[in-house]
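Take a look at the structure below.
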Amino acid sequence: MVEVYYHDNNDTPDNFTDAHNSGVPVPLEDLATIGVFYKNITNLDDLNKLATERQYRNRDEVNLNLAAFNNDLDAYNRKMQQFYKEHYHEDEEIRYIVDGEGYFDVRDKSDRWIRTKLVANDLLILPAGIYHRFTLTNDLKYVKAVRLFKDEPKWEAINRDAGKLSEAREEYVKSIAV
Ligand code: KMT
Ligand code: NI
């Protein structure tokens with residue numbers, strides 16, 4: 001079952017897969033106010049139903065651990081750095097954890113990091129335009145996830161430090177304004 005809390009912001013390039021739990025929990029209702037939705041889905045039928053309801057027509061599976069890079073530590077580390085770099089996508093994205101575990105960090109309205117720890121059967125819907133990042137847990141360093149797309153997989157990650165805004169980002173900012 002998912003765990004959600006404020007990140008302690010004490011991460012460095014060497015320890016970002018640690019839990020970084022500040023001790024301050026975040027209720028799922030707070031996630032909903034920034035357009036992030038959590039569901040526990042225990043079987044493929046329910047996943048398929050959700051995909052149909054929300055008109056997701058495509059999916060793929062991602063296996064992430066050192067073995068997936070043929071034990072090439074440099075290649076693995078490059079991918080880990082890439083996923084941990086703050087970015088957004090121009091489409092809503094669903095992540096469903098099949099096995100292993102991982103952290104999705106999302107920005108709250110005050111730009112603070114909220115960390116979600118997802119394990120098997122956890123599903124997270126991230127709206128288009130939300131700044132986020134991903135990493136594996138130190139304990140397992142492994143995740144197997146299904147990624148769901150509305151149409152063609154649209155994978156461009158728009159990094160925050162690139163400073164590129166877009167309609168998706170602007171719409172998102174409007175959607176969470178109070
Ligand atoms: C993302 O959007 O950053 C990702 O999809 C990370 C990998 S999914 C387990
Ligand atoms: Ni992403």
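The values are calculated or read from the model by the stated rules, or taken from the named source; none is laboratory data. Keep in mind that this is a model prediction, so the values were computed, not measured. Note that each Cβ is placed from the backbone with ideal geometry, even for glycine, and that neighbours are counted across all protein chains shown.
When the residues of the range 103-134 are filtered to those that are among the basic types (Lys, Arg) and either more than 9 Å from the chain's Cα centre (by Cα) or modelled with pLDDT under 95 (or both), which remaining residue is farthest from ligand 1 (Cβ to nearest atom)? Of everything passing the filter in the range 103-134, Lys109 is farthest from ligand 1 (Cβ to nearest atom). Annotation: of all residues in the range 17-46 being hydroxyl-bearing (Ser, Thr, Tyr) and outside any strand (DSSP E or B), the one that is surrounded by the most Cβ atoms within 10 Å (Cβ to Cβ) is Thr17. Please determine whether any residue of the range 75-88 is under 25 Å from Arg169 (Cβ atoms) and in a strand (DSSP E or B). Checking the range 75-88: at least one residue is under 25 Å from Arg169 (Cβ atoms) and in a strand (DSSP E or B). Pairs meeting the criteria (first residue in the range 93-114 and away from ligand 2 (no atom under 16 Å from the Cβ), second residue part of a loop (DSSP other than H, G, I, E, B) and polar (S, T, N, Q), beta carbons under 6 Å, at least 6 apart or on different chains) are Glu101/Thr137. Looking only at the range 56-74, residues that are within 20 Å of Trp155 (Cα to Cα) and either under 17 Å from the mean Cα position of the chain (by Cα) or in a loop (DSSP other than H, G, I, E, B) (or both) come to 9 in all. The combined condition, being of a type in the set (D, E, K, R), more than 15 Å from ligand 1 (Cβ to nearest atom), surrounded by fewer than 13 Cβ atoms within 10 Å (Cβ to Cβ) and within 18 Å of Asp122 (Cβ to Cβ), is fulfilled by Lys49. The criterion of being in contact with a helix residue (DSSP H, G or I) (Cβ under 9 Å, 6 or more places away or on another chain) and either within 11 Å of ligand 2 (Cβ to nearest atom) or assigned to a loop (DSSP other than H, G, I, E, B) (or both) holds for Arg133. Only a single criterion out of (1) more than 27 Å from Arg169 (Cα to Cα); (2) within 16 Å of ligand 2 (Cβ to nearest atom); (3) surrounded by fewer than 13 Cβ atoms within 10 Å (Cβ to Cβ) is not satisfied by Leu64, namely (3). Residue count for the range 147-157 satisfying the condition of being surrounded by fewer than 18 Cβ atoms within 10 Å (Cβ to Cβ) and within 15 Å of ligand 1 (Cβ to nearest atom): 7.
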